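Derivation of every value follows stated rules applied to the coordinates shown; laboratory data play no part. Because the structure is predicted, anything quoted here is derived from the model rather than measured. Neighbour counts are summed over all protein chains in view; Cβ atoms, including those assigned to glycine, are modelled from backbone coordinates with ideal geometry.
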Amino acid sequence: MRTINISLIPFLNTKPFYYGIKHFKKLKNFNISYDVPSVCAQKVLSGTTDIGLVPSAVIPFLKGYQIITDTCIGSNGNVKSVILVSQSPMKLLKTIYL
């Protein structure tokens, strides 16, 4: 049986995803690496990992991907884990990509 490589982001809000993988009875042989979002995405894009928790902005660049759950990390309200930083005054910004 082949070992499945999984790249996760080491943030508190990914703990439920890790818990699900760890307790999924049919998944026995796996290695988990904890990477920052950009490295996790690069591993998926390069094919060096089989499953990755990637930012949604990466999806258009993936070939032959499959979304395996309909869950995501999101919020209905304000969060204090995201900061918008700019070298220009905010009032001069015309577009912000999410």
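Please give me, ordered by residue number, the trypsin sites (Lys or Arg not before Pro) of region 1-55 that lie in loop per DSSP and have at most 13 other Cβ atoms within 10 Å.
Passing both the DSSP loop test and the Cβ count: R2, K25, K26, K28.
Residue by residue through region 58-72, what is 3J(HN,Hα) from phi via Karplus (6.51 cos²θ - 1.76 cosθ + 1.60, θ = phi - 60°)? Round to whole Hz and write x for glycine and proline.
3J(HN,Hα) across region 58-72, in whole Hz: 7, 3, x, 8, 7, 10, x, 7, 9, 7, 9, 8, 9, 9, 8.
Top mean-square fluctuation among I83, I59, I51, Gaussian network model of the chain, C-alpha springs under 10 Å?
Ranking I83, I59, I51 by mean-square fluctuation puts I83 first.
In terms of modelled amide H atoms, which long-range or inter-chain residues lie less than 5 Å from the amide H of F30?
Here the answer is I4, since their amide H atoms fall under 5 Å of that of F30.
Of the listed peptides 34-42, 70-78, what is their order by residue-averaged count of other C-beta atoms within 10 Å, with the highest listed first?
Details: 34-42: 16.6, 70-78: 7.8.
The most tightly packed comes first, giving 34-42, 70-78.
Give me the extension gain from L92 to N78: residue separation times 0.36 nm, minus the current Cα-Cα distance, reported in nm with one decimal.
Contour length minus Cα-Cα distance gives 2.7 nm.
Between Y65 and K28, what length comes free when the chain is fully extended (0.36 nm per residue of separation minus the Cα-Cα distance, one decimal in nm)?
Details: separation 37, 0.36 × 37 = 13.32 nm, distance 2.20 nm.
Going from the current span to full extension adds 11.1 nm.
I need the phi-derived Karplus couplings for region 11-19: 6.51 cos²θ - 1.76 cosθ + 1.60, θ = phi - 60°, integer Hz, Gly and Pro marked x.
So the J values, rounded to whole Hz, are 10, 4, 6, 9, 4, x, 5, 4, 4.
Name the long-range amide H neighbours of G52: under 5 Å, sequence gap of 5 or more, or other chain; modelled H, no Pro or chain starts.
Correct list: S7.
In a GNM of the chain with a 10 Å cut-off on Cα contacts, which of L12, L53, L62 has the highest mean-square fluctuation?
Highest fluctuation among the options: L12.
If you bin every alpha carbon distance in region 35-98 into 10 Å steps from zero, what whole percent lands in each bin?
15, 40, 31, 13, 0
Given +1 on the Cβ of Lys and Arg, -1 on the Cβ of Asp and Glu, and no further charges, what dipole in debye does region 2-98 carry about its Cα centre, rounded to the nearest 20?
140
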